[in-house]
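Since the structure comes first, as structure tokens, the remarks are kept for the end.
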Amino acid sequence: MKSEKIWMDGSMVEWDKAQVHVLTHALHYGSGVFEGIRAYKTDKGPAVFRLKDHVERLFNSAKILRMEIPFSREEISAAIKNIVKENKLESCYIRPLVYRGYNRLGLNPFSCPVKVMIAAWDWGAYLGEEALAKGVRAIISSWQRSNINTTSAKAKICGNYINSIFANMEAMESGVEEAILLDSNGYVAEGPGENIFWVKDGIIFTPPLTSVLEGITRKTVIKIATDMGYELKEEFAARDVLYLADEAFFAGSAAELTPIREIDHYTIGKGERGPISTKLQSKLFDVFKGKEKKYLDWSDFV
Ligand code: PMP
């Protein structure tokens, strides 16, 4: 996980020199917002997937955290493409971060400057290549997704991810690959860094956006599944609905489309990547790689 350059506040900086002061506000309080984006190798060079949507969400997250990004959407978009080019990456993961920098500690963040960094590096399948083909085992976390009056689910706020890290550590300690969080009403919400879908009797389901992040992969899956003729419903569901599902999968920029083969030791469907998940995954990867003319608008060539 290393490339050559990182974009910091408008300049390209050597990877090892991309540093901040230890009293950086965000380091103490999680006062930052970020994005996770992928660029895919295509016949015409690397293409950033749904760049515009990611940049829009970054600005929305910053708005919610009352941070004025000192660059325009166009400048951030150009910097994102540039960091891929500068590092000569064919395909990669891209991490823009907008954060409160160093000035004064204390919970009042307003005196701390708003800083921006963008890094990119080669990052294969988030949960492993095997996970994409065979699926992962998951547990329902004992940690619930933060209530919508505790923090904002709409914003990708750094501090929110402690909730995800608790769930991840619990999954790791339990010997499975991923966690599933329920919302504060007990309904299935999402993974620590992915949205969740399940399939029952040929219908695809996903929770409504109430307490989950509005994932760009989620939006993509909904669009392509609907275009493929599948019925798709947004529904609240208790954990036992997942136990009895025919198929289930995670969807996210990092996790892409990762099937779930087991939840709380219950086998999901046949305990393998199901037929609908297989079709959607294959279509999704074609779309990511700019192989589907119909969705080429989503590919931003570097
Ligand atoms: N939920 C959470 C909590 C996430 O962190 C992510 C990753 N950004 C997602 C869902 C999936 O969102 P996307 O498809 O936009 O990556």
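A few remarks follow.
- Rounded FRET efficiency, nearest 0.05, which uses the C-beta distance separating residue 293 from residue 165 and R0 of 41 Å: 0.55
- The chain - percent of accessible surface contributed by carbon and sulfur, probe 1.4 Å: 50
- Folded to 0 to 90 degrees: helix 51-64 orientation relative to the chain principal axis, Cα: 70
- Cα-projected label distance for residue 184 with residue 265, points at 7 Å along beta-carbon direction, nm: 3.2
- Filtered trypsin sites (Lys or Arg not before Pro), the stretch 5-54: DSSP coil and at most 16 other beta carbons within 10 Å: 44
- In degrees, nearest ten, helix 161-173 long axis to first principal axis of the chain (Cα): 50
- For 21, 265, 54, the ranking by accessible surface with the largest value first comes to 265, 21, 54, using a 1.4 Å probe.
- Taking 255, 238, 119 as the candidate residues, the one with maximal mean-square fluctuation in a Gaussian network model of the chain, Cα springs under 10 Å, is 238.
- Of the residues 150, 206, the one with the largest accessible area comes first in the ranking 150, 206, computed with a 1.4 Å probe on protein heavy atoms.
- The chain: C-alpha gyration tensor shape, a/c 1.5 cut-off, then a/b vs b/c: oblate
- Rounded to the nearest 5, the antiparallel percentage of DSSP beta bridges internal to the chain is 85%.
- For the stretch 177-241, GluC sites (Glu not before Pro) are listed when DSSP marks them as loop and at most 15 other Cβ atoms sit within 10 Å of their Cβ; the list is 214, 231, 235.
- The chain - percent relative contact order, Cα under 8 Å, separation 6 or more: 20
- Taking Cα atoms only, the orientation of helix 216-227 departs from the longest principal axis of the chain by about 40 degrees.
- Each DSSP beta bridge with both residues in the stretch 96-202 is either parallel or antiparallel, and the antiparallel ones are about 70%.
- Additional length obtainable on full extension of the chain from residue 18 to residue 78, 0.36 nm per residue less Cα span: 19.7 nm
- Cα gyration tensor, the stretch 209-262 - rounded (a/c under 1.5), prolate or oblate: rounded
- Residue-normalised accessible area of the chain, expressed per residue, 1.4 Å probe, Å²: 47
The values are calculated or read from the model by the stated rules, or taken from the named source; none is laboratory data. Given the structure is predicted, the values throughout are model-derived calculations rather than measurements. Counting neighbours? That spans all protein chains shown, and the Cβs are built from the backbone with ideal geometry, glycine included. These area figures cover heavy atoms from the full protein model, side chains too; ligands, DNA and RNA do not enter into them. Shrake-Rupley method; radii C 1.70, N 1.55, O 1.52, S 1.80 Å.
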